Amino acid sequence: MRPAALLLMTIALAACSDVHWQKPGGDESQLAQDLGACNKLAQEKVDRMWGAAPAPRSDMSPVFGPTGPSPADRRLQQSQAVTVCMRDKGYALVPVAK
């Protein structure tokens, strides 16, 4: 599945209800460990792509505007990387039982 479609599906599911990661046979401690590892990997990936920390916006072109990623771009890419990582580990986003 394409990352954009995966992200749209995740956002649509999250907009409809509260969701959480779940894996058949998984427990809360394994979930916390896997989610932490995926968050760390995603942060490292975004840092390699765009630099370690979002700098103040000094990269403005008078003609083209911002020439680098916005903080929202970084968060979106990190969220996508976490989603891919968690799915690769066998997790799925499921609605929270009320």
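Just checking, which of 69, 54, 24 is part of a loop (DSSP other than H, G, I, E, B), surrounded by 11 or more Cβ atoms within 10 Å (Cβ to Cβ) and modelled with pLDDT of 70 or more?
After ruling out the rest, the residue left standing is 69.
Can you tell me how many residues within the stretch 77-92 are in a helix (DSSP H, G or I) and in contact (Cβ under 8 Å) with a residue 40 or more places away in the chain?
Total meeting the criteria: 9.
Of the residues that make up the stretch 73-89, is at least one surrounded by 14 or more Cβ atoms within 10 Å (Cβ to Cβ), more than 29 Å from residue 19 (Cα to Cα) and at pLDDT below 95?
Checked against the condition, which is being surrounded by 14 or more Cβ atoms within 10 Å (Cβ to Cβ), more than 29 Å from residue 19 (Cα to Cα) and at pLDDT below 95, the stretch 73-89 yields no hits at all.
The values are calculated or read from the model by the stated rules, or taken from the named source; none is laboratory data. Only a predicted model underlies this, so the values are computations on that prediction, with no experimental measurement involved. For neighbour counting, all protein chains shown are included, and Cβ atoms are generated from backbone atoms with ideal geometry for every residue, glycine included.
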